[in-house]
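Data block below; observations after.
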Amino acid sequence: MIGSVPSRHHEIAEDLRHQITTGGIKPGERLPSEAGLADRYKVSTVTLRRALAVLQGEGLVEKIHGRGNFARRPLRKILYVGGWGTLDPWTAAETALSVTVRTNTVPAQGHLTTLLAVPTGSPLAEFFCISHEEESPHGLARIYIPRDLAPAGALDDEPSWRETATRFAVLGSRPAVVRETVSARPPSADEASALRIGSAMAVLAVTRVATDTTGRVVEAALLVFPGDRVEAVFTTHHENDERQKQG
């Protein structure tokens, strides 16, 4: 039985993979231009880009718009702490990890009306956060709060809430219940672009909904992390039943 012959773009990907993993191409080093690589391997740029897409999906190559393709530096993983919803404070406080935050007021539409249990068109405070290590994105968060519940000064860029936002944490007052739904899935086109990852790389997606003692939804957060850059930790605290103690 004759085995299948590897396609040309897989052969190119394997050669570049070997160079990256053995140190022939150093972490952070810019690869030759796509035209130069296509000429070296005697293939079209379409075939060459397919080879690079394989390595981008594996996390070995990062394409930075306007600058080219780079061998990815080994990225340490950040820690997402479930149950309360936050990046690990020590991780988030490290100077190597920076977080940019954009704020806006948007009308509730589509799935946001369901998540927040509000009528279509209700005003929401939106917080869009992206964490970076140098130029490499580590995660993004889109956090929504009913406008009347937004922290004072939050949309005015006051520093009182900013530290909380940069940790992707629950922004409002302490909720009674936090429900988190976690899934692994391919990124959307917008997520892949913002996180600079290939469409083949899985992301860890966390949908976090916080409610108060009356059951009102006080916040909904959509968090997305590249699968190779995060670990999520969930800890359950069991309260002993007092009646069992007395039994």
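Readers should treat all values here as calculations from the given coordinates under stated rules, not as data from a laboratory. The structure presented is a predicted model; accordingly, all values stated were derived computationally and were not measured. In this analysis, Cβ positions are derived from the backbone assuming ideal geometry, glycine residues included, and neighbour counts consider all displayed protein chains.
A simple packing score, the average count of other Cβ atoms within 10 Å per residue, orders the peptides 165-175, 28-38 as 165-175, 28-38, with the highest score first. For the range 78-233, the fraction of C-alpha pairs more than 22 angstrom apart is 39%.
I'd like to compare 104-110, 8-14, 148-154: which one has the highest average count of other Cβ atoms within 10 Å, and what's the full order after that? Let's see the in-between values first.
Details: 104-110: 12.7, 8-14: 18.0, 148-154: 14.7.
My ranking of the peptides, most packed first, is 8-14, 148-154, 104-110.
For the range 8-71, the spread of Cα coordinates along the three principal axes comes to 26, 26, 20 Å, biggest extent given first.
Among THR236, THR207, the ranking by other beta carbons within 10 Å of each residue's beta carbon, starting with the fewest, stands as THR236, THR207.
Ranked highest first by the average count of other Cβ atoms within 10 Å around their residues, in what order do 47-59, 112-124 fall? Please report the intermediate quantities before stating the final value.
Values: 47-59: 19.4, 112-124: 15.6.
Ranked from most to least packed, the peptides come out as 47-59, 112-124.
Spin-label model, ARG30/VAL106: points 7 Å from Cα along the beta carbon direction are separated by 3.4 nm.
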